[in-house]
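**Student:** Questions regarding the structure given below will be posed in turn.
Every number in this text was worked out from the coordinates using simple rules, so none of it is lab data. Computed from a predicted model, the values in this text were never measured in an experiment. Because the Cβ atoms are built from the backbone with ideal geometry, glycine has one as well, and the counts that use them run over all protein chains shown.
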Amino acid sequence: MTQNEAKRKIQELVSKYEQVKLSGRIDKYSEQDTKDSFIRPMFEALGWDFDDREEVSKEEFVNSAGRVDYGIYLNNQPKLFIEAKKLGAAIHKPEFAEQAIRYCFNRVVTWAVLTDFESLKVFNAQNVSENLSNKLYFEIPYTQYVERFDQIWQLSKESFETGLIDKEAMKVGKLQQKITVTEQLAKDLNEIRELLTKSLHQWNEKVTADDLDEGVQKLLDRLIFLRVAEDRGIEEPILKQLVRDFDLRKDNNQHIYQSMITKFRELDEVYNSGLFSQHPFEKWEEYGGATKKAIDILYGKSGYYEYDFKLIPSDVLGQVYESYLGHLLSKSRKGLTLDVSAKKRKEQGIYYTPSYIEDYIVEQALKPVLDNCHSVAELKAIKVLDPACGSGSFLIKAMEMIEKKYVEFGARKGEGIRLQVLLDNIYGVDLDEKAVEIARLNLVINSLETRMKLPGLEQHIKNGNSLISGTDEELKKYFGKNFRDKKPFNWEEEFPEVFN
């Protein structure tokens, strides 16, 4: 459909709406009637194929509280989400807009549409302003759809293909203040890490910098895991409840840090994966309020951005983790500092690989192998090994691809397939111990589907130098008596199930 044809189609829809309004039948239109009679035809006129599931996804769930009605995709990437309401709905209510905006923010999508056809609102969900009106790109009443058609055309498939909507939004200053969930989450996790590090150091001065860094990382891993479990509906809002209970206690004899450790002991009985096993940091003390602040940050800021970890893609978490793998904690007379270390990044090869490159590499390496699989037994026999796994992003892409193959063989999603893939097919090595821990966490989070015992991944994701191997005699001759400091990694010994 050409631009002129689309304009005529929208003129027809406006005329149809006016007839419905004059007849007094607006109240008889349900939300589904509105979508079928007005909203879907409007966006079909703009070039979107609602019969193509890869282009238009219907009723994407936000959380237990609701959903957005349509997800619009281009080249498998979400570009726009539409929240539809019945004819005559009060779409001026902030909660309607905030629902669509929150979903877009967590899915790293810029544009959100809210419409009941009588009015159409377009929001920039990535705008950093706390004011909803600043997030509003434009609003058009149905009476101006034809005369302001050029603006409506910005929501067309052609507009997204050419980048027109972004260019036009930049002209009027509506695409300048932008922050993605990746950037914001990385910033917030670094803030949490710094808060906890400084406060725990203040109350536990005898703890070494290395032990402090390890303890804070372990604590942060647990907090992230719980936020994911909460937003997936697997756990109640444990962390938020800890804060509320602390605020309600009059004597505050037991600080929130100690309450949190008590909860970790309970969770260790549930998940039994090593994630919640006893650790020296549980005997530390923290009375400075950093724990409470850290928990608050992990929920995001209401009306500004709110994290929904159910929606945040796994590769986004991977990017966030890798952004602070290169940070180095150092202790001096001035106190503790957490800085980006270019030297550490170079020595340990800490570099972020863009998602589209990961997709391409995994597609090229794994798809031909999967295409030759004709049974579940053959699928189980595949071994995917990443010799420099970082935060596990490549391995997660591989897990998702293998899971799709299981579904082709008749398995159903949500029945423990990802966990099975993780245990049967996935292996990794990294030189950075922190990266290994993060990769294990990322992989466990990706396979978490219900409240269940989770595996420890010590035999699947290991710490070592994948470029160095050999007998002790050979390594000693080449590197000297301290050759073990190089972390040599003997593949056949470490992963016998892969190489035998």
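**Student:** Pull up the cross-link candidates among the lysines for Lys174, meaning alpha carbon to alpha carbon under 24 Å and not fewer than 8 places away within one chain.
**Tutor:** List returned: Lys79, Lys93, Lys121, Lys135, Lys157, Lys187, Lys301.
**Student:** Still on this model: Nothing charged except the Cβ atoms of Lys and Arg (+1) and of Asp and Glu (-1): what's the magnitude of the dipole of the chain about its Cα centre? Round to the nearest 20 debye.
**Tutor:** 1060
**Student:** Could you tell me whether region 1-91 comes out rounded, prolate or oblate from its Cα gyration tensor? Rule is a ≥ b ≥ c as square roots of the eigenvalues, rounded for a/c under 1.5, then prolate if a/b exceeds b/c, otherwise oblate. Display every interim value, and only then the final one.
**Tutor:** Numbers: a/c = 2.86, a/b = 1.21, b/c = 2.37.
Judged from the Cα gyration tensor, region 1-91 comes out oblate (a/c at least 1.5, b/c at or above a/b).
**Student:** If you plug each phi of region 85-96 into the Karplus form 6.51 cos²θ - 1.76 cosθ + 1.60 with θ = phi - 60°, what whole-Hz ³J(HN,Hα) values come out, in order, with x for Gly and Pro?
**Tutor:** Values per residue, Gly and Pro as x: 10, 5, 3, x, 5, 7, 6, 6, 5, x, 5, 5 Hz.
**Student:** Further question: On full extension of the chain, what length is gained from Asn463 through Glu191, given 0.36 nm per residue of separation minus the C-alpha to C-alpha distance?
**Tutor:** Details: separation 272, 0.36 × 272 = 97.92 nm, distance 2.68 nm.
Using 0.36 nm per residue and subtracting the Cα-Cα distance, I get 95.2 nm.
**Student:** Can I ask one more? Quick one: putting +1 on the C-beta of Lys and Arg, -1 on the C-beta of Asp and Glu, what dipole do you get for region 3-171 around its Cα centre, in Debye to the nearest 20?
**Tutor:** Numbers: 24 positive and 29 negative charges, 61 e Å.
The dipole magnitude comes to about 300 debye.
**Student:** If you don't mind, there's one more thing I want to ask. How big is the convex hull of the Cα atoms of region 418-487, per residue, in Å³?
**Tutor:** 94
**Student:** Please compute the length gained on full extension between Ser57 and Ser129, using 0.36 nm multiplied by the number of residues separating them and subtracting their Cα-Cα distance.
**Tutor:** On the way: separation 72, 0.36 × 72 = 25.92 nm, distance 2.85 nm.
Length difference between fully extended and current span is 23.1 nm.
**Student:** Put +1 on the Cβ of each Lys and Arg and -1 on the Cβ of each Asp and Glu in the chain; which of Val369, Gln154, Met452 then has its Cα farthest toward the positive end of the dipole?
**Tutor:** The residue sitting farthest along the positive end of the dipole is Gln154.
**Student:** Moving on to the next point. Return the Rg/Rh value of region 349-499, two decimal places, where both radii are evaluated on C-alpha atoms and Rh is the Kirkwood radius.
**Tutor:** Numbers: Rg = 16.7 Å, Rh = 16.5 Å.
On the Cα set of region 349-499, Rg over Rh gives 1.01.
**Student:** Among all the lysines, which ones have a C-alpha under 20 Å from Lys28's C-alpha, if same-chain residues fewer than 8 places away are not counted?
**Tutor:** By straight Cα distance, Lys28 reaches Lys16, Lys85, Lys86.
**Student:** To the nearest whole percent, what portion of all C-alpha pairs in region 117-237 is separated by more than 16 angstrom? Provide the component values of the computation, followed by the final result.
**Tutor:** Values: 5375 of 7260 pairs.
Value for region 117-237 (Cα pairs over 16 Å): 74 percent.
**Student:** Do any of Lys404/Lys462; Lys383/Lys486; Lys263/Lys397 go past 29 Å between their Cα atoms, and which?
**Tutor:** From the list (Lys404/Lys462; Lys383/Lys486; Lys263/Lys397), the Cα-Cα distance tops 29 Å for Lys263/Lys397.
**Student:** For the chain, what mean projected area does the convex hull of the alpha carbons give, in nm²?
**Tutor:** Values: hull surface 116.1 nm².
Mean orientational projected area (the chain, Cα hull): 29.0 nm².
**Student:** What residues have an amide H closer than 5 Å to that of Glu55, excluding those fewer than 5 places away on the same chain, when H is modeled at 1.01 Å from N in the peptide plane?
**Tutor:** So Glu55 has HN proximity to no qualifying residue.
**Student:** Can you spot the aspartates and glutamates whose alpha carbon is less than 19 Å from Lys413's alpha carbon? Ignore those fewer than 8 places along the same chain.
**Tutor:** Glu54, Glu59, Glu60, Asp231, Glu400, Glu403, Asp424, Glu449
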